[in-house]
Amino acid sequence: AYLGIIATGIFAEFAVRGSLVVDDDPVATAENIAASPGLFRVGIGADVVMIALDVVVAFGLLGLLRHVNRRLAVTTTVLRLIQGAVIAVNLSNLYRALGFARDAVDANGTVLTGPAQEALDAVERHALGYDAGLVAFGLSCLVLAWLLIAGHLVPRLLAYGMAVTGLVYLVGSFAALFAPGASAVIEPFYVICLVVELAFAIRLVTRGLATPNHTTTTRRPVTIGA
């Protein structure tokens, strides 16, 4: 499920919206979306699948982490669910963008600037709503990192990498919401998030998390008394 989140998220954000949306150019954006409505809908569908998989991961991690600290395990799960809810509600902006884009291009191929601007504005509102959801996800990553470190569940480098991932999401989201000019400086650091989350997902698939028996207990020889 975690690998699926990464795949669908990258597809929707970069393969679909990245190829159709042109920053600061509402006419080109409207033309692209109106010319490829099916692709735009597939991107929305990928987001829906991503949200569903995130719910699976949220409850899966709860089951894996509650033996370390049940309260914090519930906290990281709730934060992931909040993120999913915000992103799900925010998808309505993409549906609006599709409608505005189709209204902007008439039968003769002429692009009406008013609806075209509305389409681009809706896409940009979606981006801001996505960043708002990532605030909850960044906090979830920080709590998850604490649980991984406290429980000795993964190598320390990966656990601390998850903490850095949470910080990058938080700083990047607050920059997008309140200081857009700083976003370009922060964007390269999202590579850290991709590497860490991919490594964590692969770890879950290939080896899982360490158990208390692996980290905190030792076997004692069995003796038979006289």
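The values are calculated or read from the model by the stated rules, or taken from the named source; none is laboratory data. Not measured: the values here are computed from a predicted model. Methodologically, a virtual Cβ is constructed for each residue, glycine included, from the backbone with ideal geometry; neighbour enumeration extends over all protein chains shown. We work out accessible area using only protein heavy atoms, side chains counted, and drop any ligands, DNA or RNA first. Shrake-Rupley method; radii C 1.70, N 1.55, O 1.52, S 1.80 Å.
When the chain is modelled as a GNM with alpha-carbon springs shorter than 10 Å, which of LEU177, LEU72, LEU157 fluctuates the most?
LEU157
Run the accessible area of the chain with a 1.4 Å probe and give the carbon-and-sulfur part as a rounded percent.
Its accessible area is 66 percent carbon and sulfur atoms.
Any idea what the dipole of the chain comes to, in debye rounded to 20, about its Cα centre with Lys/Arg Cβ at +1 and Asp/Glu Cβ at -1?
Working: 14 positive and 15 negative charges, 365 e Å.
Dipole size: approximately 1760 debye.
Which listed residue (PRO37, VAL49, ALA15) has the Cα farthest towards the positive end of the charge dipole for the stretch 1-59, taking +1 on Lys and Arg C-beta and -1 on Asp and Glu C-beta about the Cα centre?
Checking the options against the dipole of the stretch 1-59, the answer is VAL49.
Among VAL78, THR113, LEU65, whose Cα sits farthest toward the positive end of the charge dipole of the stretch 1-157 (+1 at Cβ of Lys/Arg, -1 at Cβ of Asp/Glu, about the Cα centre)?
LEU65
Given that just one value was derived from the coordinates, which of (i) 117, 54, 36; (ii) 47, 38, 33; (iii) 99, 32, 25 is Cα extents along the principal axes in Å?
Matching entry in (i) 117, 54, 36; (ii) 47, 38, 33; (iii) 99, 32, 25: (iii).
Based on Cβ point charges of +1 for Lys and Arg and -1 for Asp and Glu, what charge dipole magnitude is obtained for the stretch 51-146 about its Cα centre, in debye rounded to the nearest 20?
Details: 7 positive and 7 negative charges, 142 e Å.
Here the size comes out at about 680 debye.
When the dipole is taken about the Cα centre of the stretch 1-98, and only Lys, Arg (+1) and Asp, Glu (-1) are charged at their Cβ, what size is it in debye, to the nearest 20? The partial results should precede the final answer.
Numbers: 7 positive and 7 negative charges, 145 e Å.
That gives a dipole near 700 debye.
How many angstrom lie between the C-alpha centres of the stretch 1-53 and the stretch 74-90?
20
Within 11 Å, Cβ to Cβ, of PRO155, how many net charges do the neighbouring residues add up to if Lys/Arg are +1 and Asp/Glu are -1?
Details: positive: ARG156, ARG203, ARG207; negative: none.
The answer is +3.
Using only Cα atoms, find the angle between the long axis of helix 190-206 and the longest principal axis of the chain, and express it within 0 to 90 degrees, rounded to the nearest 10.
50
In square angstrom, rounded to the nearest 10, how much accessible surface does THR211 have for a 1.4 Å probe?
So the heavy atoms of THR211 present about 50 Å² to solvent.
What number comes out for accessible area per residue over the chain if the probe is 1.4 Å? Units Å², please. It would help to have the intermediate numbers written out before the result.
Working: 11880 Å² over 226 residues.
Heavy-atom SASA per residue in the chain reads 53 Å².
Count the net charge of all other residues whose Cβ sits under 11 Å from the Cβ of VAL16, scoring Lys and Arg as +1 and Asp and Glu as -1.
Values: positive: ARG17, ARG41; negative: GLU13, ASP47.
Residues near VAL16 contribute 0 overall.
Report relative contact order for the chain in percent, whole number only (criteria: Cα-Cα under 8 Å, sequence separation at least 6). Could you put the intermediate results ahead of the total?
Values: 286 pairs, mean separation 42.1, N = 226.
Relative contact order for the chain comes out at 19 percent.
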